1. Enter the angle in degrees (range 0 to 90, nearest 10) between the Cα long axis of helix 10-21 and the first principal axis of the Cα atoms of the chain, meaning the one along which they spread out most.
2. Just to check I understand the Karplus step: with θ = phi - 60° and J = 6.51 cos²θ - 1.76 cosθ + 1.60, what whole-Hz values come out for region 73-85, glycine and proline as x?
3. Once you've got the GNM for the chain with C-alpha springs shorter than 10 Å, pick whichever of 86, 15, 148 has the biggest mean-square fluctuation.
4. Taking amide H atoms as placed 1.01 Å from N in the peptide plane, list the residues 5 or more away in sequence, or in a different chain, whose amide H sits under 5 Å from that of residue 104.
5. Kindly provide the GluC sites (Glu not before Pro) of region 26-125 that DSSP labels as loop, not H, G, I, E or B, and whose Cβ sees at most 10 other Cβ atoms within 10 Å.
6. For region 124-218, take every pair of Cα atoms, bin their distances at 5 Å starting from 0, and report each bin as a whole percent.
7. Work from the charge dipole of the chain (Cβ charges, +1 for Lys and Arg, -1 for Asp and Glu, about the Cα centre) and give the residue of 162, 207, 148 farthest towards its positive end.
8. Please report how far the C-alpha centroid of region 161-218 lies from that of region 26-58, rounded to the nearest whole angstrom.
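Here, each number is a calculation from the coordinates, and none is a lab measurement. Keep in mind that what you see is a predicted model, and the values were worked out from it rather than measured. Neighbour counts run over all protein chains shown; Cβ positions are idealised from the backbone, glycine included.
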Amino acid sequence: MAFDKANKNKHLDKAVREMISEAGKDGVAPITQMGEPVLRHQTEEYTGQLDERTLKNLIQLMRRTMLAAPGVGLAGPQIDLGLALAVVEDHKSKDDEGDPREIDDLPFHVIINPSYKPIGDATASFYEGCLSFEGYQAVRKRWLDIEATWQDEQAQWHTEHLHGWPARIFQHETDHLSGEVYIDKAEIRSLTDEDNLGFYWCDNPVPTKAAEELGFEL
């Protein structure tokens, strides 16, 4: 199974190849920040607009950029690309054992044309950040369990039940592709820069103390 080569967009393919070649010596792309219009636009469904080699190199560029940031996900609009694709990756460490955010391994995936729907009604509220809103975090309520659907680079469809932190990552990156940034639905009174997050609120990942002192509801 593969994407339809007849859908190749020569102009877009050329632009993406130029973006890849213009990446710095470290091979990473600049990350767009809040205020860039591309972050607020609905992305275009990926149907094979890029040559297979271009897509492969783009995925590698996105992964390098994500890991260098460092981050656990990166969506097309975050490198000024209006296509419905993102990369995700996170790994559980010994320090994450018993963490209430339910951090777990999320192996590297490119998620193309992703979508999700909640499984059940349970939600969880934790501090969340974004590489396109650098230096800040805020509490965002997310579905605890989702049915995640996406295509891989061979156009094969996948559906998987994601729970806890992996589900949060998938929701965050998928939302980017519809022009949504996590802060849109965050508890705005919880917004903090990362210095204050570390100083005041990181003793317990559950933001109960922040909610009491900053005046928002969980």
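1. Between the helix axis and the principal axis of the chain, the angle is about 60 degrees.
2. Calculated HN-Hα couplings, in order: x, 8, 9, x, x, 6, 10, 6, 10, x, 10, 7, 8 Hz.
3. With Cα springs under 10 Å in the chain, the top fluctuation among 86, 15, 148 is at 15.
4. 165
5. 97
6. 2, 13, 21, 22, 18, 11, 6, 4, 2, 0
7. So the residue furthest toward the plus end is 148.
8. Each part reduced to its Cα centre gives a spacing of 25 Å.
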